[in-house]
1. Quick one: Karplus J couplings for the stretch 192-199, per residue in order, coefficients 6.51, -1.76, 1.60, θ = phi - 60°, nearest Hz, x for Gly and Pro?
2. To the nearest 20 Debye, how big is the dipole of the stretch 126-222 about its Cα centre, given +1 on the beta carbon of each Lys and Arg and -1 on that of each Asp and Glu?
3. Could you state the number of Å between the C-alpha centres of the stretch 182-229 and the stretch 22-61?
4. Which whole-number percentage describes the relative contact order of the stretch 95-197, with Cα contacts under 8 Å and a sequence gap of 6 or more?
5. Have a look at V196, L221, V208 and report the one farthest towards the positive end of the charge dipole of the stretch 174-229, computed about the Cα centre with Cβ charges (Lys/Arg +1, Asp/Glu -1).
6. Please tell me the relative contact order of the chain in percent, rounded to the nearest whole number, where contacts are Cα pairs under 8 Å and at least six residues apart.
7. Dipole magnitude of the chain about its Cα centre, charges +1 at Lys/Arg Cβ and -1 at Asp/Glu Cβ only, in debye to the nearest 20?
8. Would you work out which of A141, S15, V71 lies farthest towards the positive end of the dipole of the stretch 14-149? Charges go on Cβ: Lys and Arg +1, Asp and Glu -1.
Amino acid sequence: MRVLLFDIDGTLVLSGGAGMRAMDDAFAEIYGIRGAAASVKPDGHTDPGIVIDMLAASLGRAPEAGEVERVIDRYLASLQAKLGTTHEVRVLPGVHTALESARRRGDVLGLATGNVERGARLKLTRAGLWDYFGFGGFAGADGDRVALTRRGVEAGFATAGRQLPVVVIGDTPRDVAAARGVGARVVAVATGRHSVAELRQTGADAVVETLERLDQALEQLDQALEQLG
Ligand SMILES: [Mg+2]
């Protein structure tokens, strides 16, 4: 048994840029600024971190108290509207099979995502995946990915009722760094914007092209751990 913590965007689903367009909408509504999201790289970032970067890039200042939350509220309203229409949310290859087989093995399934919890729920409900996950580490107002990953680990241990080996599954160097920051192992998957070759540079324990190879990667990690032990 293990705790598996999945990233969402680029790992479980692709939502066709709906998230960043919703961020742009929020900035347009609140500040009258269009295109503010273009200056920010979303990959592996957190929603509050994206807002903080957009404020710095477009207004040249740090957020005031409660400002990030206010932008996130508008963002969620726009995201919900976009996902409620015909907007495509694509479940990535191998995801259903990997989640089913993890559930059969008795692994404890959670999230470690830069989305705020309501955003994660909107995207994964739309994709039909929300019910796989009993808990998660979600983005907090600080936008810190190590901190949210740690919350995911702690929620996983609480769910399992004991400490278990933890594997983070994500698509960016930031997921790998956050996993390292909490002492977890990590499988990187190249279904986001980073290639297998780029992800190998991050020092992930395993790199797979799609989650169709997740089971094999997890087995290899277990074998490597046994050899060490
Ligand atoms: Mg991601």
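Values quoted throughout were computed directly from the atomic coordinates according to the rules given, and no laboratory measurement underlies them. Small disclaimer: the values here were computed from a predicted structure and weren't measured. Neighbour counts are summed over all protein chains in view; Cβ atoms, including those assigned to glycine, are modelled from backbone coordinates with ideal geometry.
1. Here the 3J(HN,Hα) series is x, 8, 10, 7, 4, 4, 5, 6 Hz.
2. Values: 11 positive and 13 negative charges, 56 e Å.
It works out to roughly 260 debye.
3. 31 Å
4. 21 percent
5. Of the options given, the answer is V196.
6. That works out to 25 percent.
7. Details: 26 positive and 30 negative charges, 30 e Å.
Dipole magnitude for the chain comes out near 140 debye.
8. About the Cα centre, the residue reaching furthest to the positive side is S15.
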